[in-house]
1. For residue 334, put the label point 7 Å out on the Cα→Cβ axis and report which residues of the stretch 388-413 keep their amide N under 18 Å from it.
2. In whole Hz and in residue order, list the ³J(HN,Hα) couplings for the stretch 25-33 that follow from phi through the Karplus curve 6.51 cos²θ - 1.76 cosθ + 1.60, θ = phi - 60°; x for Gly and Pro.
3. Along the Cα-to-Cβ line of residue 159, 7 Å from the Cα, sits a label point; which residues in the stretch 169-198 have backbone N less than 18 Å from it?
4. Going Cα to Cα from residue 279, which aspartates and glutamates come in below 16 Å? Please leave out same-chain ones fewer than 8 positions away.
5. Taking K and R as +1 and D and E as -1, what net charge do the other residues with C-beta under 9 Å from the C-beta of residue 167 add up to?
6. Assuming R0 = 51 Å, can you tell me the calculated FRET efficiency for the pair residue 307 and residue 23, based on Cβ-Cβ distance, to the nearest 0.05?
7. Which value, in Å³ per residue, describes the convex hull spanned by the Cα atoms of the stretch 1-63?
8. For a quick check: with amide H placed at 1.01 Å from N, whose amide H comes under 5 Å from residue 252's, ignoring anything fewer than 5 positions away on the same chain?
Amino acid sequence: DTTLNLSNASVEQLQEWKQQLSAEYDNVLARKLNLDLTRGKPSAEQLSLSDAMDGILAGDYITASGIDVRNYGGLEGIPEARAIGSDILGVPVENVLAGGNSSLTLMYQTMAIAHQFGLAGEGSAWSQEGTVKFLCPVPGYDRHYSVCEHLGIEMLTVAMTSTGPDMDQVEKMIAADPSIKGMWCVPKYSNPTGVVYSDETVERIANLGNIAGKNFRVFWDNAYAIHDLSDNPVALANIFEACKAAGTEDSVIQFASTSKVTHAGSGVAFIAASDTNLKFFKLALGFMTIGPDKVNQLRHAKFFAADGALSAHMAKHAAIIKPRFASVLKHLEAAFSDNDLGEWESADGGYFISFDTRPGLAQKVVKLAGDAGVKLTPAGATFPYGKDPQDSNIRIAPTVPTVDQVEEAMQVFVLCVKLASVEQALANS
Ligand code: PMP
């Protein structure tokens with residue numbers, strides 16, 4: 001129950017704390033736990049919310065406009081599925097393509113196409129301009145970074161703030177370096193910080209196309225667009241409208257999917273973009289596929305056909321996730337609200353809570369927890385090239401374990417942070 005005020009503690013006090021915490025840690029080791037807070041996946045309970053999609057077509061494979069979804073074709077997806085994407089992203093149906101099961105695939109394809117062929121026709125390929133760089137707000141989503149790394153696109157980091165990426169820094173970097181061809185954004189319930197971009201941030205991002213070099217494209221990954229936990233969610237400003245107002249329609253490409261709405265492995269993914277971007281995306285896509293899985297698209301359309309069905313469904317997800325988030329926050333508050341051992345923000349949606357240890361301790365904490373049977377996302381994963389310069393960020397993903405498991409895992413997590421912090425303070429004393 002003591003406040004761990006490390007800065008003012010005597011060496012004797014630190015040693016006493018270390019002894020107590022080490023004894024507690026040994027007790028945990030003896031329990032041989034096997035808990036996992038690593039990946040942002042829905043729990044089985046959440047997946048089950050969508051099981052009624054199975055068999056929902058009941059032999060009727062024809063869409064309202066007469067498309068037989070069993071057959072080939074329809075590169076941009078069936079109208080009913082595109083309408084779901086239009087709903088989620090707030091973009092006209094004509095500017096939405098409904099694809100396969102993964103928005104990550106669409107992001108990879110978009111980046112590969114922009115790089116090799118260009119999204120504005122002849123002469124617009126990034127590869128023709130030499131070095132290609134991308135801005136990455138940190139901490140962020142590891143799979144975004146892997147896409148850039150795989151395609152040989154150099155990543156530059158920019159700090160996340162409570163209103164989104166540090167826009168002063170973003171504007172300065174982009175104005176100074178035309179080889180920066182874009183920026184990754186998770187604008188709502190950002191992975192992992194949970195931040196929702198402010199209206200001003202959205203407006204300034206929409207304006208980047210006016211100050212950047214040629215063929216600049218923001219990858220607006222709205223993976224958590226409808227994944228609210230609060231009854232009164234913050235609204236994200238509409239970037240499509242903001243771009244129209246700024247005359248930069250081509251500079252932002254949006255993505256979303258139903259991976260964390262229906263079945264994570266068999267949802268429907270969406271890309272939304274200007275006419276020009278979509279035209280050149282489809283041109284290249286047509287060489288990769290004859291069309292998406294329209295049967296699955298129609299299943300989704302039927303499942304969400306009723307007015308308000310989608311938001312009612314998301315409320316069921318929230319009811320399952322909320323107690324897990326609450327447990328994480330409860331433990332963090334109890335352990336760290338009266339000391340400076342860690343910082344975090346409470347997220348009102350999404351799949352993560354981001355925690356910052358004192359500098360230099362994230363790897364240590366992840367190792368201590370792992371040895372005690374609580375798996376955490378590797379420290380550094382939330383930064384390009386896996387390198388957190390401060391070694392302080394840890395991503396907590398509480399959706400898969402049960403509430404009881406989250407409780408148990410968080411007790412261990414808190415203990416590991418305390419132990420690592422006290423040991424560091426002792427070493428520095
Ligand atoms: N974007 C973000 C920000 C994510 O967190 C995730 C999943 N963790 C994805 C994309 C993956 O989306 P999909 O399943 O549609 O490929």
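FYI, it's all coordinate maths here, none of it is from the lab. Nothing here was measured: the structure is a model prediction, and the numbers come from that model. Every residue, glycine among them, receives a Cβ derived from its backbone with ideal geometry; neighbour counts consider all protein chains shown.
1. Flagged as within label range: 398, 402-413.
2. Listing the rounded values in order: 5, 4, 4, 5, 3, 5, 7, 6, 6 Hz.
3. 169-174, 192-198
4. Counting by Cα, and skipping residues close in sequence, residue 279 has these aspartates and glutamates nearby: 76, 94, 122, 249, 250.
5. Details: positive: 204; negative: 166, 168, 171, 200.
Residues near residue 167 contribute -3 overall.
6. Numbers: r = 58 Å, r/R0 = 1.15.
About 0.30, to the nearest 0.05.
7. Values: hull volume 11.8 nm³, N = 63.
That works out to 188 Å³ per residue.
8. Answer set, sorted by chain and number: 218.
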